[in-house]
Amino acid sequence: MTSYETVIGLEIHAQMNTKTKMFCACSNDSFGAKPNVNVCPICMGFPGMLPATNKKAIKKGVRTALAFRCNIPEFSKFDRKNYFYPDLPLGFQISQFDEPVSEKGYVEIETKEGLKKIGITRVHIENDAGKLTHTNGGSLVDFNRAGSPLMEIVTDPDMRSSEEAKTFAKMVQAILRTIGTSEADMEKGMMRFDASISTRPHGETKLYPRAEIKNLNSFRSLETALEYEIKRQINLWEEGNPLDGDITVGWLDDQQKTKLLRDKESSADYRYFPEPDLPPLVMDPQEIEEMKANIPELPLEKRQKFIEKYNISEEEALFFSEDPKLADFFEEVAETTKEPQKSASFVGTILLGRLKNDNKNLQDCQITAQQMAQLVTLVEEGAISNNQAKGVVFEAMFETGKDPEKIIEEKGLKQVSDTGAIEAIVDQVLSENPSAVEDFKTGKGNVLGFLIGQVMKASKGQANPGMVNEIMRKKLS
Ligand code: ZN
Ligand code: MN
């Protein structure tokens, strides 16, 4: 039986985190705002309006393209992409057609077969449309989002499974966050995917007709929609009736299936032409070189460093490197304590576990990296036990944001590591339990645990257990 290969390419729309919109001075932050408050004649598309390019948005687009190792041509321009839709008052989107701001880059991802380069065809800049909400009484339109600056990241058809597509999409999110060009928050609609997928008999190299799945807005829907469409297309092959032309489909999340929307539009359908109201973009090569030098360490490099320098597990390293704020936090704790593995456990398991429990982010957390480092150091120095640190002390830090030392003092938790003090308690316990001492001497070794337990109890759990053990053994021998 023939087996089939899957070919996937993605278009990712990511909203840039600029203060203002792409071609006007309206606020670009409308999260939680009432509909149609951040609007003006420009983003509402009134007749006679004149757009002006947001230079910061251009820089963010270029910075993103540089992080993807794209070429930045000296000259690029904006074009009108014409179509009619109620959320697009101008009747066209300002986008980039044949001369985009960047082209030909790549992003490396980790796959089962090792590192793999996914080609980036281009990153171009455009503005967003408004948002439609369909109700029983009719459709409502909110133009707060109209004119928001978007980056469209277009890949080559280089992915071969839904898993690779998801890994790539997560890597893009991590990169955008690391370089600070987009919050890439999927729940706020700041990152959306269109996935093109075709299938072909194994061994063939030509591209067969594809289905483009529009507007996927979570990693989960990206993966499940692709899985569904892969199966559907292979079934068509097996029925002897493969796709005979490009199509556009939608993903029905509630029914977990794709639905045919239309035959795929081609660029001719959009009647692109150069935007006459905006000057072309001219890049200064020297400035581009400076921007290139300013790209920080990217997630994959960070991850390798965490594994090599800190000797933590691959899983932990992947987890920390996906979120730049978390990566910085972990790194600060590890560098301060010089105990990277213990730091990874305190940050990755204790702190993040607790945050997850409360459905909170690291940004909402009162505990600083320095405080977390103090906590790890206090355990290392034997001032408190591991259990106390991960339990009562951490919990109080989480609730109050106080320093661990202050909490230990307030709660009287300081571990007793003073030899004299521990010896006194051991002596007292031994004199109070002569029969247990006798049992020990006649070879009943299990009474040792009982005697140590009595010392811990007498010290209200504050005696350093290692020292109690050592002193007890010395006294009994
Ligand atoms: Zn506006
Ligand atoms: Mn687009």
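Of the residues making up the stretch 431-451, those that are out of contact with any Leu (no Cβ under 7 Å at 6 or more places or on another chain) and open to solvent by 30 Å² or more (accessible area, probe 1.4 Å) number 14. Condition test on ALA67, is it more than 16 Å from ligand 2 (Cβ to nearest atom), open to solvent by less than 20 Å² (accessible area, probe 1.4 Å) and of a type in the set (Gly, Ala, Ser)? Against the criterion (more than 16 Å from ligand 2 (Cβ to nearest atom), open to solvent by less than 20 Å² (accessible area, probe 1.4 Å) and of a type in the set (Gly, Ala, Ser)), ALA67 qualifies. Selection of the stretch 248-268 for residues being within 28 Å of the chain's Cα centre (by Cα) and not basic (Lys, Arg) yields VAL249, GLY250, TRP251, LEU252, ASP253, ASP254, GLN255, GLN256, THR258. Against the numbered list (1) in contact with a strand residue (DSSP E or B) (Cβ under 9 Å, 6 or more places away or on another chain); (2) within 16 Å of ligand 1 (Cβ to nearest atom); (3) assigned to a loop (DSSP other than H, G, I, E, B), PRO73 comes up short only at (2). Looking at the stretch 364-385, which of its residues are open to solvent by 20 Å² or more (accessible area, probe 1.4 Å) and either touching a residue at least 40 places away in the same chain (Cβ under 8 Å) or on the phi > 0 side of the Ramachandran plot (or both)? Selection gives THR377, GLU380, SER385.
Per the conditions (1) in contact with a Ser or Thr (Cβ under 7 Å, 6 or more places away or on another chain); (2) within 13 Å of ligand 1 (Cβ to nearest atom); (3) at pLDDT below 95, the sole criterion not satisfied by MET49 is (1).
Scanning the stretch 116-160 for residues that are open to solvent by 30 Å² or more (accessible area, probe 1.4 Å) and touching a residue at least 24 places away in the same chain (Cβ under 8 Å) yields a count of 15.
Let's see how each residue does on (1) open to solvent by less than 70 Å² (accessible area, probe 1.4 Å); (2) not in a loop (DSSP other than H, G, I, E, B):
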position: THR181; (1), (2): yes, no
position: ALA184; (1), (2): yes, no
position: GLU187; (1), (2): no, yes
position: ARG192; (1), (2): yes, yes
position: ARG200; (1), (2): yes, yes
position: LYS206; (1), (2): no, no
position: GLU212; (1), (2): yes, yes
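Look at (1) within 16 Å of ligand 1 (Cβ to nearest atom); (2) closer than 28 Å to GLN286 by Cα and you find that GLU108 fails only one, number (1).
In the stretch 122-132, the qualifying residues are those that are away from ligand 2 (no atom under 12 Å from the Cβ) and out of contact with any Ser or Thr (no Cβ under 7 Å at 6 or more places or on another chain), and the one that is farthest from ARG220 (Cα to Cα) is GLY130. Among the criteria (1) touching a strand residue (DSSP E or B) at 6+ places or on another chain (Cβ under 7 Å); (2) within 16 Å of ligand 2 (Cβ to nearest atom); (3) open to solvent by 20 Å² or more (accessible area, probe 1.4 Å), the one ASP98 does not fulfil is (1).
The residue that is surrounded by the most Cβ atoms within 10 Å (Cβ to Cβ), among those in the stretch 11-51 that are among the hydrophobic types (A, V, I, L, M, F, W, C) and within 16 Å of ligand 2 (Cβ to nearest atom), is MET22.
Given the condition surrounded by fewer than 15 Cβ atoms within 10 Å (Cβ to Cβ) and in a loop (DSSP other than H, G, I, E, B), answer yes or no: does some residue in the stretch 52-64 qualify? The answer is yes; a qualifying residue exists. What are the pairs, 6+ residues apart or on separate chains, where a residue within the stretch 64-87 that is closer than 17 Å to ILE118 by Cβ and at pLDDT 95 or above has its Cβ under 9 Å from a residue that is surrounded by fewer than 20 Cβ atoms within 10 Å (Cβ to Cβ) and of a type in the set (S, T, N, Q)? Between residues of the stretch 64-87 that are closer than 17 Å to ILE118 by Cβ and at pLDDT 95 or above and residues that are surrounded by fewer than 20 Cβ atoms within 10 Å (Cβ to Cβ) and of a type in the set (S, T, N, Q), the close pairs are ALA65/ASN71; LEU66/ASN294. Within the stretch 256-276, being out of contact with any helix residue (DSSP H, G or I) (no Cβ under 9 Å at 6 or more places or on another chain), polar (S, T, N, Q) and surrounded by 10 or more Cβ atoms within 10 Å (Cβ to Cβ) holds for one residue alone: SER267.
Considering the conditions (1) assigned to a strand (DSSP E or B); (2) modelled with pLDDT of 95 or more, LEU115 is excluded by exactly one of them, (2). Taken over the stretch 8-28, residues that are within 13 Å of ligand 1 (Cβ to nearest atom) and either in contact (Cβ under 8 Å) with a residue 12 or more places away in the chain or assigned to a loop (DSSP other than H, G, I, E, B) (or both) amount to 10.
Counting the residues of the stretch 101-112 that are away from ligand 2 (no atom under 16 Å from the Cβ) and in a loop (DSSP other than H, G, I, E, B) gives 1. Taken over the stretch 453-477, the criterion of being aliphatic (A, V, I, L, M) and open to solvent by 30 Å² or more (accessible area, probe 1.4 Å) is satisfied by MET456, ALA458, MET467.
The values are calculated or read from the model by the stated rules, or taken from the named source; none is laboratory data. Fair warning: this is a prediction, and the values are worked out from it, not measured in the lab. Here Cβ is always computed from backbone atoms with ideal geometry, including for glycine, and neighbour counts include all displayed protein chains. To get the accessible areas, we keep the full protein, side chains included, count just its heavy atoms, and leave off ligands, DNA and RNA. Shrake-Rupley method; radii C 1.70, N 1.55, O 1.52, S 1.80 Å.
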